[in-house]
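Input: a single structure, listed below in structure tokens.
We did not get these values from a lab; they are worked out from the coordinates using the rules stated. Owing to the predicted nature of the structure, the values given are computational and were not obtained by experimental measurement. Every residue, glycine as well, gets a Cβ built from its backbone with ideal geometry; the counts of neighbours run over all protein chains shown.
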Amino acid sequence: MSTVLIGVLALAALVFSVSVFASRWTQMQRLPFGKDLSTPKDSPTIGVVYALTLGMAPWAKESTRIHMIAYLRGIAFHIGIFAGLAAFLVSPWFSQIPELVRVPLAAIIAIGALMGVAGGVMRLTEHNLKAISTPDDHAAVWLVTLFLVTVPPALFSTTFLLLMWIVGAAMLVYAPLGKIKHCIYFYFGRLFFGIHIGRRGVVRGLMAHALPLRGEANHGR
């Protein structure tokens with residue numbers, strides 16, 4: 001396959017992915033919102049702000065407080081993903097990017113790839129994760145990880161650039177169809193959660209776990 005043909009394939013996959021994601025986003029916004037008949041005790045806005053800020057802090061949830069290493073692995077993995085996608089978007093101009101930028105970018109993405117491998121292995125070996133993981137879970141982790149593996153060398157080699165475009169195209173086509181589409185549902189999930197806790201007036205109580213020092217003080221009681 002020629003460079004131009006592979007480039008067109010990657011671009012078509014990108015357009016397909018963005019289009020399907022946009023369609024899903026529009027469909028979600030059109031769904032009727034269930035009316036909460038309870039008497040509001042506080043502002044839903046306060047709940048939404050909390051849910052999208054301090055409510056996502058690692059110490060705000062028991063699961064992440066207990067499994068901080070797994071949380072940090074996930075953060076590093078996702079940072080690598082965002083960096084990899086940014087690199088994919090500017091890949092036609094890799095040769096024009098200074099090496100001073102490409103080297104640290106490659107390092108960040110490589111770390112993300114390693115974290116992806118770790119996550120994939122965990123799903124295959126850790127008892128609880130293995131029990132709840134579906135084929136879609138495994139496919140999503142390994143496909144994204146494979147994409148990240150191809151990006152660092154692509155930053156310096158045209159040969160790997162073509163490979164990155166091929167793997168990236170496969171990932172982009174799969175993204176809005178498989179588990180990766182959770183990236184848009186996550187937003188709506190946090191939005192609904194925030195509205196609910198805001199109306200219920202429990203945000204100020206949750207703040208005790210959203211601030212590290214206050215959370216530690218409460219656990220020590």
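In table form, for the structure just shown:
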quantity: Sites Arg102 and Phe82 - FRET efficiency at Förster radius 25 Å, r taken between beta-carbons, to 0.05; calculated: 0.90
quantity: Translational D in µm²/s for the chain (Stokes-Einstein at 37 °C, 0.692 mPa s, Kirkwood Rh from C-alpha pairs); calculated: 165 µm²/s
quantity: In Å, descending, principal axis extents of the Cα set of the range 82-136; calculated: 47, 19, 12
quantity: Acute angle (nearest 10 degrees) that the helix 158-174 long axis makes with the longest principal axis of the chain, alpha-carbon atoms; calculated: 40 degrees
quantity: Within the chain, helix-based [θ] at 222 nm, where runs of 4 or more DSSP H residues each add -39,500 (n - 2.57), nearest 500; calculated: -25000 deg cm²/dmol
quantity: Cα convex hull of the range 51-109 - mean projected area over all directions, nm²; calculated: 5.1 nm²
quantity: Sequence-distant aspartates and glutamates (8 or more away, or on other chains) whose Cα lies within less than 19 Å of Lys61; calculated: Glu216
quantity: Rounded, prolate or oblate (a/c below 1.5 giving rounded, otherwise prolate when a/b exceeds b/c) for the range 1-122 by Cα gyration tensor; calculated: oblate
quantity: Mean-position separation - Cα centroids, the range 69-103 and the range 141-189, in angstrom; calculated: 11 Å
